[in-house]
Amino acid sequence: MIPAAFDYKRAGSSEEAVALIAEYGDEAKLLAGGHSLIPMMKLRLAVPTVLVDIGRVGDLSYIDDRDDHIAIGALATHRSLETSELLISECPILAHVASKVGDPQVRHRGTIGGSLAHSDPASDLPAVVLALGGSLIAQGPNGEREVKVSDFFTGYFESTLSDDEMLTEIRLPKAPGDSWNYQKFNRRAQDWAIVGVAAVEVQGATKVSLVNMGSTPLRAAAVEDALAGGASSEEAAEQAAEGTDAPTDLNASPEYRAHLARVLTRRALEAAGIS
Ligand code: FAD
């Protein structure tokens, strides 16, 4: 499939990118790694008339230690997360989950900002970022605003970002140590998760999130509450499908996804040593 015709603009900075998307409004789309947008354009599910290429805004590729948190530029690629010594030491679950995204080509081009802005409930990074918590920085024509990760995902492929805003930075708490695990159930190694589960200890509390169990990435609140109340990981995992609205597709029915969520949550909690 060939995308519809579009104009191409290259932004040299986030300010320039925001000015361009403000100028062209909902006709324009930011282009980061292009590994979600271009396939959608080829299928004509997205038909922007202007593409604003932010792929060369080099100053947004950082992964920085800011003492009480880690700051990640929106254009950091999945590959740079996977290989970051800082993340491997201070937030190993994020480095690991990045290594499970697609194949090497996808990981070299795709960016964390693109993955979060795309807000696909079947994607890996949105769910792990939701489990970790923290906040996201959105830059618009009137300056920056900070959004809690828990408020960011609003619907199927929807976030709180408006048409004239660009996600610039991801701020995450540190979660060092071994108390984490990610379970991704798929049929082929490079596929999206049929269901995924992230479990991680963050600042003394166990956080659990689910991939592909609703219209957004979801926190498994019932599991977290059960664990906080003293339940074993096996007992808590039985609550994993509570409050979810799993989709149906060629891979799985909602009932099968609910079963997977329970099994994968138990495995994730046990592998993380959370009992
Ligand atoms: P783009 O495609 O450039 O953009 C995606 C959307 O986000 C667009 O609407 C764009 O306008 C917007 N956007 C981009 N950056 C910003 C920003 N900074 N601020 C505001 N809006 C922005 N993902 C997984 O999680 N797991 C997988 O297993 C997986 N497998 C894949 C396999 C294949 C073959 C392919 C092609 C993709 C796969 N992906 C998978 C998706 C991949 O991770 C994408 O790269 C990622 O979801 C989007 O990042 P991007 O930088 O490519 O964004």
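Every number here is computed from the coordinates shown, using simple stated rules; none is lab data. Computed from a predicted model, the values in this text were never measured in an experiment. Because the Cβ atoms are built from the backbone with ideal geometry, glycine has one as well, and the counts that use them run over all protein chains shown.
Tabulated values for the structure
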| quantity | calculated |
| --- | --- |
| Derived scalar couplings ³J(HN,Hα) [the stretch 123-131; Karplus, 6.51 cos²θ - 1.76 cosθ + 1.60; whole Hz; x for Gly, Pro] | 7, 7, 5, x, 5, 6, 5, 4, 5 |
| Listed pairs 9/207; 42/184; 100/207; 100/148; 148/184 exceeding 31 Å between Cα atoms | 9/207 |
| Sparse-neighbourhood loop sites, trypsin sites (Lys or Arg not before Pro) in the stretch 173-251 - DSSP loop, at most 11 other Cβ within 10 angstrom | 187, 188 |
| Positive-end residue of 243, 136, 32, charge dipole of the chain with Cβ unit charges | 32 |
| Packing-based ranking, highest mean first, of 253-260, 237-244 given that Cβ atoms within 10 Å are counted | 237-244, 253-260 |
| Of 95, 193, 221, the one that fluctuates the most in a GNM where the chain has Cα springs shorter than 10 Å | 221 |
| Kirkwood Rh (inverse of mean 1/r, distinct Cα pairs), the chain, angstrom | 18.9 |
| Taking all pairs of distinct alpha-carbon atoms in the stretch 162-215, Kirkwood radius in angstrom | 13.7 |
| Sparse-neighbourhood loop sites, GluC sites (Glu not before Pro) in the stretch 1-38 - DSSP loop, at most 12 other Cβ within 10 angstrom | none |
| Contact order relative to length of the stretch 1-112, as percent, for alpha carbon pairs under 8 angstrom and 6 or more apart | 25 |
| Distribution of pairwise C-alpha distances over the stretch 46-175, 10 Å bins, in % | 13, 48, 34, 5, 0 |
| Order of 216, 49 - criterion: other Cβ atoms within 10 Å of each residue's Cβ, fewest first | 49, 216 |
| Alpha-carbon radius of gyration plus Dmax, which is the widest Cα pair, for the stretch 48-116 in Å | 12.6, 43 |
